[in-house]
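Participant: Before I ask anything, here is the structure I am working with.
The values are calculated or read from the model by the stated rules, or taken from the named source; none is laboratory data. What you are looking at is a predicted structure, and each value in this text was computed from that prediction instead of being measured. Quick reminder, even Gly has a Cβ in these numbers, built from the backbone with ideal geometry, and neighbours come from all protein chains shown. Quick note on the areas: whole protein, heavy atoms, side chains included, nothing else; ligands and nucleic acids left out. Shrake-Rupley method; radii C 1.70, N 1.55, O 1.52, S 1.80 Å.
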Amino acid sequence: MGRPSMRGRIVEAALEQFHTLGYNAAGVKVITDAAGVPKGSFYNHFDSKETLAVEALRQYGDGLLDALHGDADPVARLRAHFEGLRDDCVGHDYRRGCLLGNFGAEIGDHSDVIRESVRQGFAHWSAALAATIEEARRGGSVRADLDAATVAGFLLTAWEGTLIRARAEQSSTAFDTFFSTVFGPLLTAA
């Protein structure tokens, strides 16, 4: 593969800096330094940090759903999806959560553009979870009485709370509770 474009390097650096430092602490200079590009070149590609944040959120959201696709059993894909997210959090010493959740909490009240981007990211994620749950329901591997969209929304909300608690406690206990509840009594077919 070829070398990423300057715009691509800025977005990659922004994803890392936003995820590590948060929106407010990740200034344009911090991002361009991390990307190895001159600060002035930032404005050739983005008209503001807010515009860059929207692109970073879009790319984060797209990458978030990779494990939900494929030919494996839908419940296995669902579990692998959340295990991958858990492993990322633990691998970063509980210092990184979900970029959508982080931005929603940090900046969503102050930027309509970012709040809408977070809302769209959650909606896209919820729809992908619902499709996977519905596939599992049709295949008989989860409870037949489940409404896929409702359960997907609940899982997303429960996951965001799980991340906050795991990070606050610097412990995997919240993850253990999430997995034993979701892949036990919540989804298990009778």
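Participant: On the given criteria, is residue 96 in a helix (DSSP H, G or I) and closer than 22 Å to residue 121 by Cα?
Facilitator: no
Participant: I'm trying to understand the selection: among the residues of the stretch 1-18, which are outside any loop (DSSP other than H, G, I, E, B) and at pLDDT below 90?
Facilitator: Within the stretch 1-18, none qualify.
Participant: For the stretch 62-85, what are the residues that are part of a helix (DSSP H, G or I), open to solvent by 20 Å² or more (accessible area, probe 1.4 Å) and at pLDDT below 90?
Facilitator: Once the filter is applied, which keeps residues that are part of a helix (DSSP H, G or I), open to solvent by 20 Å² or more (accessible area, probe 1.4 Å) and at pLDDT below 90, the stretch 62-85 yields 62, 63, 66, 67.
Participant: Let me ask something else about it. Cβ contacts < 9 Å: first residue over 20 Å from residue 120 (Cβ atoms), restricted to the stretch 43-56; second residue assigned to a helix (DSSP H, G or I) and open to solvent by less than 40 Å² (accessible area, probe 1.4 Å), any location; separation 6+ or different chain. Result?
Facilitator: Taking only residues 6 or more apart or on different chains, the pairs are 43/28; 45/10; 45/11; 45/52.
Participant: What single numbered condition from (1) farther than 19 Å from residue 61 by Cβ; (2) of a type outside the set (Val, Ile, Thr); (3) in contact (Cβ under 8 Å) with a residue 60 or more places away in the chain fails to hold for residue 38?
Facilitator: Status for residue 38: all satisfied but (3).
Participant: Consider only pairs whose beta carbons are under 7 Å apart and that are at least six residues apart or on different chains; among these, list those whose first residue lies in the stretch 147-172 and is within 15 Å of residue 90 (Cα to Cα) and whose second residue is outside any loop (DSSP other than H, G, I, E, B) and open to solvent by 40 Å² or more (accessible area, probe 1.4 Å).
Facilitator: 172/90
Participant: How many residues are under 24 Å from residue 167 (Cα atoms), open to solvent by less than 30 Å² (accessible area, probe 1.4 Å) and not in a loop (DSSP other than H, G, I, E, B) if we restrict to the stretch 19-30?
Facilitator: Total meeting the criteria: 1.
Participant: Continuing with the same structure: With modelled with pLDDT of 95 or more, within 20 Å of residue 73 (Cβ to Cβ) and either out of contact with any Asp or Glu (no Cβ under 7 Å at 6 or more places or on another chain) or loosely packed, with under 15 Cβ neighbours inside 10 Å (or both) as the only criterion, which of 174, 149, 144, 128 stands out?
Facilitator: 128
Participant: Of the conditions (1) in contact with a Lys or Arg (Cβ under 8 Å, 6 or more places away or on another chain); (2) open to solvent by less than 60 Å² (accessible area, probe 1.4 Å); (3) of a type outside the set (D, E, K, R), residue 114 satisfies every one except a single condition; which number is it?
Facilitator: So residue 114 meets the others, but not (1).
Participant: Residue 37 versus (1) out of contact with any Lys or Arg (no Cβ under 7 Å at 6 or more places or on another chain); (2) outside any helix (DSSP H, G or I); (3) among the hydrophobic types (A, V, I, L, M, F, W, C): which is the lone unmet condition?
Facilitator: Every listed condition holds for residue 37 apart from (1).
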